[in-house]
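Asks: What follows is a structure written as structure tokens; I'll ask about it next.
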Amino acid sequence: MTPAVAPAVGLEVDVELTRPGFALALGLRVEPGKVLAVLGPNGSGKSTLLGVVAGLVRPDRGRVRLGGRLLTDGGTGTHVPPHRRGVGLLAQQPLLFPHLTAEANVAFGPRARGVGRRAAQRIARRWLSEVDAEGLADRRPAELSGGQAQRVALARALAAEPTLVLLDEPFAALDVDAAPALRALLGRVLRAGGRTAVIVTHDPLDALVLSDHVVVLGAGAVVEEGPTRQVLARPRTAFTARIAGLELVAGTAGPAGLRTPDGAVLAGQRGPGLVDGAPAVAVFPPRAVAVHRERPGGSPRNVFPVVVAGLEPRADVVRLRAAAAPGGPGWAEGLAADLTPAAVADLGLEPGVPAWFAVKATEVALHPAPGA
């Protein structure tokens, strides 16, 4: 049984911070007991955000509030130190104390709060059991695999009974066999305990499995946010589309579809909030792209020439990457199409070969661009 925890509280962050070559200005909310995933390219401000919430980085202006507690206030100079915030952090590396056993590592947090030795040992054993690591209690970090050490680190973070859990790419250092099991375990523990958490990740699977809500950062600001599945199914930035495995073309909304900067029009299904003349994006999956050696006739309304740039085997399909063709649209550069190996062979597709992409309008979703 998951150890009892205090009632969940929400997190509120409204901060501004300026450093040489970088500025962070954002506001976000995490509802009590919910998990927020923070996505974004390198340099977008993800780690800085975690540092601000953890108390490791002081913003120039703004506030951080956890439940009824004001942790940071740039106006009054309020700054609760990291060890008094009630925030637990699970990072890429376990960072276990090398001279302590797994049990002693997990018991460290309760002992630091003044819990007696025997009670802290009971708490440690309980949390090690919760993360399926009870049999590792007497081992030291050097005797643990990467996945085992990360389980112990998770138990240590939760044994301290944090009000908020911060997760910084917690599976990035694990091998492909260990990551899925720990991801599933973490999701179970967080939801069973009703804990409020923020996870920074580059992996859309982490967001889908663990989070209720997603925020996408770009250049220190929020560029997309919403329920996890909605954001990943309807991305509005190239970064989000890329991690969601979708193709994105930017342009301006018009009566006939999306007008790209070179004047071409992509027909598609209009989403809510689309306004003619405003910035918009067209989104479609690589599986929706049909590839031809000659210009196709028939029903597809979106047909454009490309040059095969590369072929990438992926499970049971081959992903064809396109380059812009002479006289074709520049936005076709980098677009992808998923085909069977047999189709690639039948069409004689290889790098440098000219081809045509065709996408049915029913497979293209049109959405307002960020800020539109």
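Asks: Scan region 27-67 for residues that are assigned to a strand (DSSP E or B) and under 16 Å from the mean Cα position of the chain (by Cα) and jot them down.
Replies: Leu28, Val30, Val35, Leu36, Ala37, Val38, Leu39
Asks: Would you say Ala238 is of a type outside the set (D, E, K, R), surrounded by fewer than 23 Cβ atoms within 10 Å (Cβ to Cβ), closer than 30 Å to Gly334 by Cα and outside the structural domain of Arg19 (by TED's automatic domain parsing)?
Replies: yes
Asks: Test of understanding: among Ala241, Ala221, Ala207, which residue is closer than 15 Å to Gly40 by Cβ and touching a Pro at 6+ places or on another chain (Cβ under 7 Å)?
Replies: Ala241
Asks: In region 263-280, which residues are touching a residue at least 60 places away in the same chain (Cβ under 8 Å) and farther than 17 Å from Arg301 by Cα?
Replies: Across region 263-280, the qualifying residues are Gly271, Gly273, Leu274, Val275, Ala278, Pro279, Ala280.
Asks: Ok, one more. Specify which of the listed residues (Val306, Val281) is aliphatic (A, V, I, L, M) and in the same structural domain as Leu347 (by TED's automatic domain parsing).
Replies: On inspection, the qualifying residue turns out to be Val306.
Asks: A further question follows. Which of the residues that make up region 265-310 are in contact with a Leu (Cβ under 9 Å, 6 or more places away or on another chain) and assigned to a loop (DSSP other than H, G, I, E, B)?
Replies: Scanning region 265-310 gives Ala267, Gly268, Gly271, Leu274, Pro285, Arg293, Arg301.
Asks: May I ask you to say which residue of Gly263, Gly273, Gly257 is out of contact with any helix residue (DSSP H, G or I) (no Cβ under 7 Å at 6 or more places or on another chain) and farther than 20 Å from Gly330 by Cβ?
Replies: Testing whether each residue is out of contact with any helix residue (DSSP H, G or I) (no Cβ under 7 Å at 6 or more places or on another chain) and farther than 20 Å from Gly330 by Cβ leaves just Gly273.
Asks: Can I ask one more? Name every residue in region 320-356 that is in a loop (DSSP other than H, G, I, E, B) and among the β-branched types (Val, Ile, Thr), in order of residue number.
Replies: Thr340, Val353
Asks: Just to be sure before I move on: is Pro313 closer than 30 Å to Gly40 by Cα and in a strand (DSSP E or B) in the structure I sent?
Replies: yes
Asks: Okay, next question. Restricting to region 111-132, and then to whatever is within 25 Å of Leu50 (Cβ to Cβ) and within 31 Å of the chain's Cα centre (by Cα), can you tell me which residue is surrounded by the most Cβ atoms within 10 Å (Cβ to Cβ)?
Replies: In this case the residue turns out to be Trp127.
Asks: Still on this structure: Residue check: is Asp60 touching a residue at least 12 places away in the same chain (Cβ under 8 Å) and within 24 Å of Leu190 (Cβ to Cβ)?
Replies: So Asp60 fails the test.
Asks: Return the pairs, sorted by first residue and then second, in which the second residue is polar (S, T, N, Q) and at pLDDT below 95, the first residue lies in region 9-29 and is within 13 Å of Ser44 (Cα to Cα), the beta carbons are less than 6 Å apart, and the residues are 6+ apart or on different chains.
Replies: From residues that are within 13 Å of Ser44 (Cα to Cα), the pairs are Leu24/Thr48.
Asks: Condition (residue is hydroxyl-bearing (Ser, Thr, Tyr), crowded, with 21+ Cβ neighbours inside 10 Å and more than 30 Å from Glu130 (Cα to Cα)) applied to region 68-76: is it met by at least one residue?
Replies: For region 68-76, residues hydroxyl-bearing (Ser, Thr, Tyr), crowded, with 21+ Cβ neighbours inside 10 Å and more than 30 Å from Glu130 (Cα to Cα): present.
Asks: Over 18 Å from Lys34 (Cβ atoms) and free of Cβ contacts under 8 Å to residues at least 24 places away in the same chain - does that describe any residue in region 192-208?
Replies: Yes, the conditions are met somewhere in region 192-208.
Asks: Next question. Determine whether Ala267 is out of contact with any Gly (no Cβ under 6 Å at 6 or more places or on another chain), at pLDDT 90 or above and more than 15 Å from Leu246 (Cβ to Cβ).
Replies: So Ala267 fails the test.
Asks: For region 259-276, does any single residue satisfy the condition of being touching a Pro at 6+ places or on another chain (Cβ under 8 Å), among the aliphatic types (A, V, I, L, M) and over 26 Å from Val359 (Cα atoms)?
Replies: No.
Asks: Among (1) farther than 20 Å from Thr240 by Cα; (2) modelled with pLDDT under 95; (3) surrounded by fewer than 20 Cβ atoms within 10 Å (Cβ to Cβ), there is one condition Pro354 misses while meeting the rest; what is its number?
Replies: Only one criterion in (1) farther than 20 Å from Thr240 by Cα; (2) modelled with pLDDT under 95; (3) surrounded by fewer than 20 Cβ atoms within 10 Å (Cβ to Cβ) is unmet by Pro354, namely (2).
The values are calculated or read from the model by the stated rules, or taken from the named source; none is laboratory data. Quantities reported herein were computed from a predicted structural model and do not represent experimental measurements. Positions of Cβ are generated from backbone atoms using ideal geometry, with glycine treated the same way; all protein chains shown enter the neighbour counts.
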